[in-house]
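Here, each number is a calculation from the coordinates, and none is a lab measurement. Everything numeric here is computed off the predicted structure, so don't read it as measured data. Note: ideal-geometry Cβ built from the backbone for every residue, glycine included; neighbour counts use all protein chains shown.
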Amino acid sequence: MRVDVQGLEREARGLLHPEVYDFIAGGSGQERTLRANAKAWRQVRLLPRVLRDVASVDTGIDVLGSPLATPIAVAPTAAHRMVHQDGEVATASGAARAGALYVLSTRSSRRIEDVAAVLAAAGGTWWFQAYVMRDRNLTAGLVRRAATAGASAIVLTGDTPVVGRKRRNRGGGEFIDGSDFMTNIGSLPDPEDAEQAPDLTFGDIGWLGEVSGGLPVIVKGVLRPDDALACASHGAAGVIVSNHGGRQLDGAVPTAGALPGVLAALGTGSAAAGGGCEVYVDGGLRSGGDVLAALAMGARAVFVGRPVLWALAAGGTRGVSDLLTGLTDDLAHAMALSGAAGVADLAGLVAK
């Protein structure tokens, strides 16, 4: 099954109000990082192997000990009801059908428990993304709810002490329902309590681990090798090399450029390697070939965000499932052409 992410975006753009489309599609500043993310993956060059038996290609991996059918996971994104009436319930169901890891956002527009129930029924694996808010009790409550509902890890977003300014955001937000961002938080006497905490530190990794009852904590938004090492030394089970899809600091390095340094610092080597701190990546991945490049560079898994929302807008649960299955099929095809029967065989394919 071939998947056309650009075609999905065009279809979704025709279905969504321009204000909603721009909110999702836009980046911060002049959108330099937004554009650079996708371009950087296309510039990775590979050295495929020949005369390898690829009669059967297996895209399966383990992430934090959980077996998954695909290394392509769903990144945390907010308020899916902006694009489809069933919101995160539909997205999670589609991810589970495709055998993909799903990450539920703090700003989900559906209740944690409702999304968790769908995933449990389908045998899906999911993590919960946590923003540490000014009122840390709000964050603690959400994390405890997610742990009770069955989340197997907590994703700490570390690159958002303040929210990046998006030049495409315009108008008064008439077509974006702000209450969707607060579904799991509820109404507050002081809405600023739910804003991101600007005093977030590495110490909050351990705090989230304690609050969650011992779940592994993954830090999202890491671009620097020294930050990756600090995350690991403070107990992080993994890091996601990410620049928030170009939505935070404009001019930040594309993730394809940051990934090798982080991998070298943590010593995790290839996608098949062990190591105490797993490395994942997101940002601009739009094809199975992009995914192959990331895995060959050493990422254990990749996350996609905007394409999932385009698929959700265009086709609901089936759209999400078809997107993830199509990308995985595209990856398997590229693996066969590279002489790789499994993800472990991708090590060493990147041309120096």
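Before moving on, here are some points about what is shown:
- Relative contact order %, the chain, counting alpha carbon pairs below 8 Å whose residues are six or more apart: 28 percent
- Rounded, prolate or oblate (a/c below 1.5 giving rounded, otherwise prolate when a/b exceeds b/c) for segment 1-160 by Cα gyration tensor: oblate
- Hydrodynamic radius of segment 5-346 by the Kirkwood approach over all distinct alpha-carbon pairs: 19.9 Å.
- Degrees separating the helix 112-122 axis from the principal Cα axis of the chain, which is the longest one: 30 degrees
- One Cα centroid belongs to segment 329-352, the other to segment 179-227; the line between them spans 36 Å.
- Neighbour-count ranking [beta-carbon atoms within 10 angstrom, fewest first] of Lys352, Lys220, Lys166: Lys352, Lys166, Lys220
- For the pair segment 21-61 / segment 230-263, the C-alpha centres are spaced 15 Å from each other.
- Tail beyond 26 Å, pair distance distribution of segment 193-348 (Cα, percent): 33 percent
- Positive contributions from Lys and Arg (+1) and negative ones from Asp and Glu (-1), summed over other residues with Cβ under 12 Å from the Cβ of Gly261, come out at -1.
- Ala98 sits among other residues whose Cβ lies under 14 Å from its own Cβ, and their net charge, with Lys and Arg +1 and Asp and Glu -1, is -1.
- Cβ-based net charge around Gly305, under 10 Å, with every Lys or Arg adding one and every Asp or Glu removing one: +1
- For segment 168-252, the normalised intensity computed at q = 0.12 Å⁻¹ comes to -0.54 (log10 of I(q)/I(0), Debye sum over alpha carbons, equal scatterers, no solvent).
- Between helix 255-266 and the chain: long-axis angle, C-alpha atoms, 0 to 90°, nearest 10: 80 degrees
- Cα-based helix-to-principal-axis angle, 5-15 vs the chain, degrees rounded to 10: 30 degrees
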